[in-house]
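What follows is a single structure, written as structure tokens, with notes after it.
The values are calculated or read from the model by the stated rules, or taken from the named source; none is laboratory data. Since we're looking at a predicted model, the values are computed, not measured. FYI the Cβ positions are ideal-geometry reconstructions off the backbone, even for glycines, and counts take in every protein chain you see. Heavy atoms of the whole protein, side chains included, go into the accessibility calculation; ligands, DNA and RNA do not. Shrake-Rupley method; radii C 1.70, N 1.55, O 1.52, S 1.80 Å.
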Amino acid sequence: MAKRRAGWALTARLGAAMLGAAALVPGVAGAQGAGAEWTTPAGTLQGTRYSTLTDITPANVAGLVEEFSVPSGLHGSQEGQPVVAGTTMYVVTPFPNSLIAIDLANAGAVKWTFTPPVNEYARGVACCDTVNRGASYASGKVVFTLLDDGVVAVDAVTGAQVWRTSMGEPLTGMTMSGAPLIVGDKVIVGNSGGELGIRGWVAALDLATGHEVWRAYSTGPDTDVKIGPDFHAFYPKDQGANLGVTTWPANNMWQQGGGTVWSWLTYDPALKLLFHGTSNPGVWNPDLRPGDNKWATSVFARNPDTGAAVWAYQVTPHDNWDFDATNEYIAVDLPWAGKANRQLLVHFDKNGYAYTMDRKTGKVLLAKPFIAENWSLKVDLTTGAPLFQAQLECGIGANPISFTGADGKQRIAVYTGTGWIAGGMSGGSCPNGAWDNNHAGPPPGPTTTSTATSGAVHVFKLP
Amino acid sequence: MFSNCRNRAAALLSALLAALLAALLAALLIGACGSAQAAPETMRVCADPDSLPFSNQRGEGFEDKIAGVLAADLGMKLAFAWSSARRGFLRRTLFAGACDVVMAVPDGFPAVATTKPYYRSSYVAVSRMAQRLPPVDFDAPGLRALKIGLPALGADGANTPPAQALARRGIADNITGFPVFGSVPQGQPGRIVDAVAAGEIDLALLWGPVGGYFAQRHPGELAVTPVLADPAQPELAFVFAISLGVRKADTARRDALDGALIRRAAEIAAILHGYGVPLAESPP
């Protein structure tokens with residue numbers, strides 16, 4: 001593996017940081033941050049991406065140097081953030097989705113690499129590069145998805161497969177690239193492929209056995225969406241029976257309606273709620289699917305034990321731009337309107353707005369653009385609906401911001417302990433890597449520097 | 001504001017024609033690659049392992065057959081390297097050096113050097129002969145009363161030209177999307193044509209070689225008629241000339257292939273005919 005093509009900068013940078021962290025006494029432990037371990041892609045179940053460790057400070061951050069790097073041997077973008085359990089770092093590569101265990105206590109030595117067989121067919125089907133968005137760790141298992149719709153649990157010590165479950169058939173256009181989230185004894189996963197006329201879902205597997213416990217679809221009748229007596233959408237626009245059918249053309253186009261769950265999930269232990277967004281609707285051509293196209297481009301709060309929806313909010317109705325609503329929903333308690341610790345949900349959307357919501361009810365407390373956008377005038381906090389710029393509703397492909405989302409970068413949020421910032425994450429969003437196939441030229445040559453690949457993820461430190 | 005939109009639409013259409021549709025066609029039409037390195041020379045064909053009627057791993061596609069004819073003409077052995085012909089196909093194959101010739105790209109496709117086109121086809125309408133439908137007129141009110149099937153393409157293919165023609169007229173409620181991927185035993189992508197024969201839909205609008213090939217499964221039942229234009233969008237191409245593609249620097253190889261295409265034109269035409277590929281006239 002060594003000295004082949006460089007795989008990612010992420011490992012090196014975060015590796016250095018994490019190694020330092022693991023070797024030193026953690027800082028003040030906080031409910032909203034991760035400690036020496038980093039067991040979900042965003043560090044915590046709540047998705048805060050915040051470390052309570054205090055070793056790296058503004059004063060010394062400039063002095064960070066690369067201690068080691070581990071190449072993936074692959075050209076694909078590296079979207080999955082590593083997880084750390086004990087002093088072992090686990091990294092999932094893009095297709096063919098190997099899991100590499102790296103010993104942080106031993107200068108980055110590779111302990112083992114788990115290489116599952118993955119159906120080659122999936123690589124051709126995947127919409128947007130053959131990325132994987134990372135693993136989760138719990139109870140001695142590292143769990144991640146495979147592009148061919150498999151979910152695997154691997155023994156964190158031995159690297160042996162514990163179970164593998166097939167969630168679907170890549171021949172249909174469905175793939176899996178999202179990161180699982182482990183909530184108690186359940187592994188929550190979602191599918192990908194909303195561009196290819198498939199139907200989105202989120203599902204729970206038993207952590208011990210891999211058996212499917214429940215699956216909730218993003219389109220179709222309420223029973224399929226798991227909307228029942230427990231469901232209370234905050235806004236009238238999101239209330240009513242079977243909106244997953246009635247907001248579509250009459251020909252059951254919801255059956256190909258997208259709304260996949262392809263990225264990152266979060267969970268709030270206090271309210272016992274799982275939060276996940278859904279992708280763009282299908283089919284791709286918006287003019288063939290007049291209507292709001294629920295529940296694509298929406299956010300759900302669900303009971304992780306049953307999948308039952310507790311509330312939902314459609315972020316962008318009739319998503320014409322591939323905005324998705326899948327960027328993570330960060331559960332955090334912050335001062336709000338005079339209240340010391342309001343239970344909030346913070347979300348930076350590809351549509352250009354930053355949303356602050358009451359995570360118990362789904363009420364939008366604040367929705368302001370965090371970047372220049374021109375598809376809407378504002379989000380009406382009374383109705384919860386965005387007000388479209390009428391002149392942009394002019395048919396096929398009129399995508400002023402387009403599927404690149406804002407400035408073409410996925411958004412992430414970082415909890416600083418005192419406030420929020422949005423950070424850019426390059427090399428990740430669908431279109432960034434999507435259209436390379438039309439450009440002639442050789443692939444990037446071998447390199448040993450960790451910044452010259454398309455798969456680099458940059459970790460920013462606050463000024 | 002309208003003009004802004006129009007401009008954007010026009011810009012997008014250019015992009016579609018230059019890239020998306022081209023990419024779609026390249027994706028759907030697969031590739032074969034010949035290499036001329038050491039003797040005995042091998043024509044390395046990079047092709048989709050599962051995309052009839054164009055190619056499959058058993059060599060049953062018409063592009064596979066044509067590749068065999070060309071290799072024989074050039075006195076080369078034939079070898080295949082398989083890769084799903086969708087996003088990243090050229091990057092993974094031709095540009096990675098895994099193959100030297102792509103069997104099918106739209107003529108003039110800018111990313112590669114193209115031979116002279118060896119066939120020209122169009123989008124088609126597949127319907128039941130017994131229904132005696134008139135030629136497709138996107139503005140005919142009757143079109144809204146028909147059940148219409150379209151390939152449910154994704155980001156790669158964006159929209160086929162017929163889908164764009166329907167969409168701009170707000171024709172949506174009577175459309176069913178069909179998957180386009182998957183092997184023939186799985187019932188895809190020919191299922192859209194089977195659905196016409198079965199009466200599930202009245203009209204399938206799709207790329208000619210696909211429609212013509214799968215219509216052969218229902219001999220004497222289905223009409224395959226060309227759909228050549230949308231009067232409301234004259235800039236939108238429905239007819240594409242298909243060429244072989246090589247790396248831009250590979251002009252000698254392109255020239256050799258051009259020679260073989262001319263010498264073997266009759267055999268190639270017979271292969272296309274056998275696969276039911278509807279041929280479009282050269283533009284005047």
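Numbers below:
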item: The stretch B:228-249, residues that are farther than 30 Å from B:Leu166 by Cβ and surrounded by fewer than 21 Cβ atoms within 10 Å (Cβ to Cβ); result: B:Lys248, B:Ala249
item: Out of B:Ala223, B:Ala232, sole residue that is closer than 30 Å to B:Asp202 by Cβ and at pLDDT below 95; result: B:Ala232
item: Odd one out for A:Lys350 among (1) out of contact with any Leu (no Cβ under 6 Å at 6 or more places or on another chain); (2) assigned to a loop (DSSP other than H, G, I, E, B); (3) more than 14 Å from chain B (Cβ to nearest Cβ); (4) modelled with pLDDT of 90 or more; result: (4)
item: Subset tally (residues that are β-branched (Val, Ile, Thr) and within 7 Å of chain A (Cβ to nearest Cβ)) for the stretch B:161-176; result: 2
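Condition check ((1) modelled with pLDDT of 90 or more; (2) in a strand (DSSP E or B); (3) open to solvent by less than 60 Å² (accessible area, probe 1.4 Å)) across all residues:
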position	(1), (2), (3)
A:Pro335	no, yes, no
A:Arg342	yes, yes, yes
A:Ala354	no, yes, yes
A:Gly362	yes, no, yes
A:Leu366	yes, yes, no
A:Leu381	yes, no, no
A:Asp407	no, no, no
